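The values are calculated or read from the model by the stated rules, or taken from the named source; none is laboratory data. All values derive from a computational prediction rather than experimental measurement. Using ideal geometry, Cβ is built from the backbone for each residue, glycine included, and neighbour counts are taken over all protein chains shown. Just so you know, the surface numbers come from the protein's heavy atoms only, side chains and all, with ligands and any DNA or RNA stripped out. Shrake-Rupley method; radii C 1.70, N 1.55, O 1.52, S 1.80 Å.
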Amino acid sequence: MDTVLAMKDARLTLAGNAGPVEVLRGITLGIARGESVGLIGPSGSGKSSLLMLMGGLERATSGSVTALGQDMSAMDEDALARFRRGNMGIVFQSFHLIPTMTALENVALPLELAGMDDAFGRAAEELAAVGLGARMHHYPAEMSGGEQQRVALARAAAPRPALFLADEPTGNLDAANGAAIMDLLFSLRDRHGATLILVTHAPELAARCDRVIRLADGQVVAGQVAA
């Protein structure tokens, strides 16, 4: 298996009001290049925390997290930020758009930060790909929730990432917009040949993935593949 992301006995312990809380308890798994994986489980099972570890947005308390052959636990914050910017597209339930920037500027900004030539041309291309070619000069407040999530998708796809990570990307949308966003997410994955890892509560979305990993109480209980 051409493993693009691997975790070995990864644990995450966070400080809680009543003392340390063991959020993830010894996760070992491997995800293949080009695979689509759904992370499912009840609320509080650790799905979003697992995705945060995969994206380097949280650090494992112990164990290892390796992405594209790089040990993320060995990187400092600056190195992690550069690694994410060049290799990962991350989409959240909340859109996290900058309200004072147009859709085009929101998508172009991370490309400019990465020093990419023709950042605005690439941004315009990605906005057209998600059906917003006519809306790229609008501000987030002038857009619907579905349109804002399309901007977030275009921003995630613009660097041509090897890994797409999505945390409940349809959670704030109605059924029709949610279905459209999921179609776009899978089509972007296919267009860029990326690996997609998706946290969802929706069985119909999980069913579209190549594999489903189920979590309970901070552990993988089904779909585990050793790294």
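Close contacts from region 144-160, counting a first residue that is closer than 9 Å to residue 107 by Cα and a second that is among the polar types (S, T, N, Q) and assigned to a helix (DSSP H, G or I), with Cβ to Cβ under 7 Å and a gap of 6+ residues or different chains, come to 151/106; 155/106. Entry remark, region 152-180: residues being more than 24 Å from residue 56 (Cβ to Cβ) and hydrophobic (A, V, I, L, M, F, W, C) number 5 in total. In this structure, is residue 62 touching a residue at least 24 places away in the same chain (Cβ under 8 Å), closer than 17 Å to residue 215 by Cα, open to solvent by 30 Å² or more (accessible area, probe 1.4 Å) and in contact with a strand residue (DSSP E or B) (Cβ under 8 Å, 6 or more places away or on another chain)? Criteria not met by residue 62. In region 199-216, the residues that are farther than 17 Å from residue 172 by Cα form Cβ pairs under 7 Å with partners that are of a type in the set (Lys, Arg), at six or more places apart or across chains, as follows: 215/47.
Filtering 177, 106, 172 for residues that are farther than 24 Å from residue 55 by Cα and surrounded by 15 or more Cβ atoms within 10 Å (Cβ to Cβ) leaves a single hit, 177.
Within the set 109, 173, the sole residue that is free of Cβ contacts under 8 Å to residues at least 60 places away in the same chain and not in a loop (DSSP other than H, G, I, E, B) turns out to be 109. The set of residues from region 80-99 being outside any helix (DSSP H, G or I), surrounded by fewer than 19 Cβ atoms within 10 Å (Cβ to Cβ) and either in contact with a Pro (Cβ under 9 Å, 6 or more places away or on another chain) or modelled with pLDDT under 90 (or both) comprises 93, 94, 98, 99. Scanning region 40-65 for residues that are over 16 Å from the mean Cα position of the chain (by Cα) and either part of a helix (DSSP H, G or I) or under 20 Å from residue 3 (Cβ atoms) (or both) turns up 60, 63, 64. Could you say whether any residue in region 92-99 is in contact with an Asp or Glu (Cβ under 9 Å, 6 or more places away or on another chain), under 30 Å from residue 16 (Cα atoms) and among the hydroxyl-bearing types (Ser, Thr, Tyr)? No, because not a single residue in region 92-99 is in contact with an Asp or Glu (Cβ under 9 Å, 6 or more places away or on another chain), under 30 Å from residue 16 (Cα atoms) and among the hydroxyl-bearing types (Ser, Thr, Tyr).
Take residue 162 and decide whether it is closer than 27 Å to residue 65 by Cβ and surrounded by fewer than 23 Cβ atoms within 10 Å (Cβ to Cβ). Judged against the criteria, residue 162 is a match. Among the residues of region 186-198, is there at least one that is touching a helix residue (DSSP H, G or I) at 6+ places or on another chain (Cβ under 7 Å), under 17 Å from residue 105 (Cβ atoms) and open to solvent by 10 Å² or more (accessible area, probe 1.4 Å)? No, because not a single residue in region 186-198 is touching a helix residue (DSSP H, G or I) at 6+ places or on another chain (Cβ under 7 Å), under 17 Å from residue 105 (Cβ atoms) and open to solvent by 10 Å² or more (accessible area, probe 1.4 Å).
Residues in region 129-158 that are open to solvent by less than 60 Å² (accessible area, probe 1.4 Å) and among the small types (Gly, Ala, Ser): 129, 131, 133, 144, 145, 146, 152, 154, 156, 157, 158.
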